[in-house]
Amino acid sequence: MKIALAGNPNSGKTTLFNAITGKTEYVGNWAGVTVEKKEADLKKKYNVGKELLRVVDLPGAYSIAPFTGEEAIARDFILDESPDVIINIVDGANLSRSLFFTTQLLEIGVPVVIALNKGDIIDKRGDRVDITSLSNQLGCPVISTTAVSEKGLIELIKTAVATGKERINPAFDKTKNSTTDTERQKIVDLIVKNSVIKSRDASKVNLSDRIDRIVAHKIWGLPIFFMIMWAVYALSIEGIGGRLSEYFNETLFGEIIPNAVGTFFERINVNPVLQSLIVDGALGGVGAVVGFLPLIMVLFFLLALLEDSGYMSRVAVLMDRYFKKIGLSGKSIIPMIVGSGCSIPGVMATRTIEDVNERRMTTILTPFVPCGAKLPIIALFSVVFFPEASWVGPSVYILAIAVIIVSGKLLKRLFIWDSTSHFILELPEYKIPSLKHAFVQMIDKAKGFVYKATTIILVMNTLVWFMQAYSWNLQAVEDQSLSILASVGSGIAPFLIPLGFVGWQLGAAAITGFVAKENVVATFAILLVVASEDALHMPGGVLTQFFTPVTAYAYLAFNLFTPPCFAAIGAMNSEMGSGKWLLRGVGFQLGVGFTLAMLISQIGTLVFYGEFATGFVPAVVIAVLMTVFLVYSIRKADVKRQIMELAEEEM
Amino acid sequence: MVLAKAKIGFKGSILKVEGKDKIKKFLFSLGCFEGEEITLISILAGNYVINVKDSRYALDETMAKNIILAEQ
């Protein structure tokens with residue numbers, strides 16, 4: 001039996017879904033968190049019968065006629081896959097709006113059970129809803145629920161299963177009732193009037209509005225936003241998260257574990273090659289990544305608190321007028337903040353942006369926000385090359401903002417966008433973020449991170465270890481520069497010379513970064529543990545043989561601003577909806593990362609050391625060619641735009 | 001009078017919603033259509049925060065110009 005959850009955005013569908021299935025799907029206090037349908041089996045606690053019950057969580061919709069992409073998903077599922085019963089989650093905090101969608105659902109001819117959700121908010125407001133009257137008027141069962149505290153859910157599921165089994169279609173008379181949508185709204189108003197006693201006037205200025213007037217103030221809004229984001233990163237990178245990671249990296253994975261495992265292997269006489277593979281390859285590489293787990297956990301914990309509070313929608317309102325100037329929507333900030341945790345959900349969050357051009361542009365720009373997987377690279381490079389400086393971490397975020405602004409402006413000129421965008425966003429009431437929820441999300445993300453580290457990163461590291469230890473004819477090599485990895489890295493290395501990066505190792509690390517960005521750190525750990533006794537994370541450590549502080553910063557920028565990992569490129573592909581646009585997007589990202597690293601490296605070396613960096617001449621040639629290409633492309637786009645304008649005038 | 005010209009605290013009914021069909025339909029599903037009550041709560045960073053039914057929405061100026069209010 002298939003149960004579908006449908007309702008308005010931010011009515012609590014996913015919270016309810018998580019409660020009855022035991023899943024930990026992504027929840028946030030803004031409209032449009034869920035962009036794809038999610039399926040899972042019902043938890044035992046709720047499953048009374050023996051039958052397998054499958055629950056489908058659908059993205060939120062205000063109406064059966066879709067406005068955004070995710071609304072279309074909800075409609076298509078209900079119409080095409082005809083679930084056995086629909087649980088319509090009705091936002092008790094906004095009954096009259098929710099019931100518009102409800103009446104549309106009732107007419108489809110599928111059994112419907114209504115969960116009158118957010119019972120806690122109804123009680124807090126002092127409103128009263130007559131459930132029996134509501135149920136009589138709508139012709140279907142209505143159950144009062146509070147999904148956050150799991151109140152009423154057992155009864156809800158029991159009723160839904162019974163209604164679905166007996167195929168009791170709603171007794172809501174379609175012919176008698178609505179012929180037009182306006183009449184439908186009138187009917188809804190009547191139903192609400194008959195069954196709800198309101199004690200609160202919603203049009204009065206409330207506490208949320210007062211908070212909004214401060215946090216979305218035209219002058220104070222931006223500084224407040226930057227302070228909040230700074231606090232989030234300071235706490236995760238330098239605060240408790242950073243401290244714990246430092247311990248993990250230097251002591252736990254730097255000494256205790258490798259020593260213990262090494263001693264153990266020696267005692268049981270394990271083959272030295274296997275020993276090296278496990279200790280240097282697998283443990284060294286994975287350890288270099290897993291050490292950053294505390295840092296990433298703190299980051300996700302804080303982001304979850306932020307998302308749960310309702311603040312995200314306000315940032316979107318605040319940012320709209322700035323983002324409009326670079327061809328984005330205020331809503332583009334939500335993917336970017338989410339993307340500071342991980343680019344994949346960030347890119348997926350672009351789906352709530354209705355305008356296709358704004359959505360594509362946001363999809364290209366979101367991976368420029370340094371994600372959690374890039375934090376290990378930032379942390380490693382800042383501790384090795386800038387041990388005394390505290391500006392490196394923040395500077396990366398400032399650089400990211402600058403890159404996004406310049407890229408936005410450039411994209412706007414390079415391609416033809418037919419933007420007719422409108423900004424409209426629901427502002428949910430603020431709520432005190434739930435620590436429990438943030439904790440659950442954090443553990444979920446931590447599991448994902450450990451899973452990634454022990455699968456894809458482990459495999460990749462074993463491969464890297466093998467490739468650096470063996471030559472093409474599978475002979476173990478003493479000298480790394482004769483290894484398979486060296487020859488692969490050497491293939492890339494010439495392209496990196498204009499950026500001032502010399503050495504096949506740098507090429508090899510950058511390539512592994514596309515599989516997962518943490519691999520950049522892991523690869524260095526594997527490559528350098530053989531070359532040196534010093535720990536990777538020491539100030540002035542082994543990495544200094546490859547970089548000056550300037551080229552190190554350039555290499556950091558190169559890894560942050562070239563295309564994201566393959567998984568994120570996959571997410572970009574599904575959001576772009578066109579191979580051509582994916583190619584343009586990835587090409588653009590590659591161009592940005594390459595050029596930026598080149599400029600930092602060449603100009604920085606000239607300014608700080610008064611000398612030319614390696615590859616200065618090719619860099620100048622590339623810079624000239626790049627400029628010519630950009631000017632030419634922009635001219636071409638300008639001409640096209642003019643032709644289109646003329647054509648429009650003639651019409 | 002258009003919403004974009006209204007003063008904060010304005011409470012009245014909607015005379016008409018103009019603009020593209022798709023946007024009109026969307027506003028309609030939120031309960032923002034002719035005859036309905038609307039309140040201008042605040043103007044935040046150039047956006048108009050309105051109350052329609054029981055919820056708050058932020059609209060940009062372009063949209064606020066498309067909502068015509070009934071004169072009182």
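3J(HN,Hα) along the range A:112-126: 10, 10, 9, 9, 7, 8, 6, x, 5, 6, 4, 4, 4, 6, x Hz, from the Karplus curve 6.51 cos²θ - 1.76 cosθ + 1.60 with θ = phi - 60°, whole Hz, x for Gly and Pro. Pairs spanning more than 32 Å between alpha-carbon atoms, out of A:Lys325/A:Lys436; A:Lys186/B:Lys20; A:Lys218/A:Lys412; A:Lys151/B:Lys11; A:Lys23/A:Lys331: A:Lys325/A:Lys436; A:Lys151/B:Lys11. With Cα atoms as the point set, the range A:1-139 shows a radius of gyration and Dmax of 14.4, 40 Å. Counting only other chain Cβ atoms within 10 Å of each residue's Cβ, the peptide A:99-105 averages 1.
Excluding A:Leu375 itself, calculate the net charge of residues whose Cβ lies under 10 Å from the Cβ of A:Leu375, where each Lys or Arg counts +1 and each Asp or Glu counts -1. Result for the local shell: +1. Measure out, as a whole number of angstrom, how far apart the alpha-carbon centroids of the range A:383-416 and the range A:109-176 sit. Here the answer is 50 Å between Cα centres.
What does the net charge come to around A:Val232 if you take all other residues with beta carbon closer than 14 Å to its beta carbon, with K and R at +1 and D and E at -1? Neighbourhood net charge equals -3.
Under a 5 Å amide H cut-off, with hydrogens placed 1.01 Å from N, A:Val85 pairs with A:Lys2, A:Ala4 among residues at least 5 apart or on other chains. For the peptide A:202-213, the mean number of other protein chain Cβ atoms found within 10 angstrom of a residue's Cβ is 5.
Which whole-number percent of Cα pairs in chain A have a distance greater than 39 Å? Pairs farther apart than 39 Å: 41 percent. Angle of helix A:375-385 to the longest C-alpha principal axis of chain A, folded into 0 to 90 degrees and rounded to 10: 30°.
Here the 3J(HN,Hα) profile of the range A:327-340, calculated from phi with Karplus coefficients 6.51, -1.76 and 1.60 at θ = phi - 60°, is x, 10, 10, x, 5, 4, 5, 5, x, 5, 5, 4, x, 6 Hz, Gly and Pro shown as x. For the range A:342-353, backbone phi angles converted through the Karplus equation (6.51, -1.76, 1.60; θ = phi - 60°) give residue-by-residue couplings of 8, 5, 5, x, x, 5, 5, 5, 5, 5, 6, 7 Hz, Gly and Pro being listed as x. Of A:Tyr46, A:Tyr632, the sequence from fewest to most neighbouring Cβ atoms within 10 angstrom is A:Tyr632, A:Tyr46.
The mean sequence distance of close C-alpha pairs (under 8 Å, at least 6 residues apart), as a share of the length of chain A, puts its relative contact order at 12 percent. Relative to the compact-globule estimate of 2.2 N^0.38 Å, the Cα radius of gyration of the range A:110-174 comes out at 1.16. Ordering B:Lys7, A:Lys158 from the fewest to the most neighbouring beta carbons within 10 Å gives B:Lys7, A:Lys158. Sorted fewest first by neighbouring Cβ atoms within 10 angstrom, A:Thr462, A:Thr68, A:Thr350 come out as A:Thr462, A:Thr68, A:Thr350.
Database remark: amide H of A:Ser144 closer than 5 angstrom to the amide H of A:Leu116 (H placed geometrically; neighbours at sequence offset of 5 or more, or on other chains; Pro and chain starts carry no H).
Relative to the Cα centre, the charge distribution of chain A, modelled as +1 at Lys and Arg Cβ and -1 at Asp and Glu Cβ, gives a dipole magnitude of about 1360 debye. Taking amide H atoms as placed 1.01 Å from N in the peptide plane, the amide H of B:Leu15 lies under 5 Å from those of B:Gly35, B:Ile68, B:Leu69, B:Ala70, each 5 or more residues away in sequence or on another chain.
With a 10 Å cut-off around each Cβ of B:28-37, the average count of Cβ atoms from other chains is 5.
The calculated 222 nm mean residue ellipticity attributable to helices in chain A amounts to -18500 deg cm²/dmol, summing -39500 (n - 2.57) over DSSP H runs of n ≥ 4 and dividing by all residues.
Bear in mind these aren't lab numbers, they're just calculated from the coordinates by the rules spelled out. Worth saying up front: this structure is predicted, and the values here are computed from it rather than measured. FYI the Cβ positions are ideal-geometry reconstructions off the backbone, even for glycines, and counts take in every protein chain you see.
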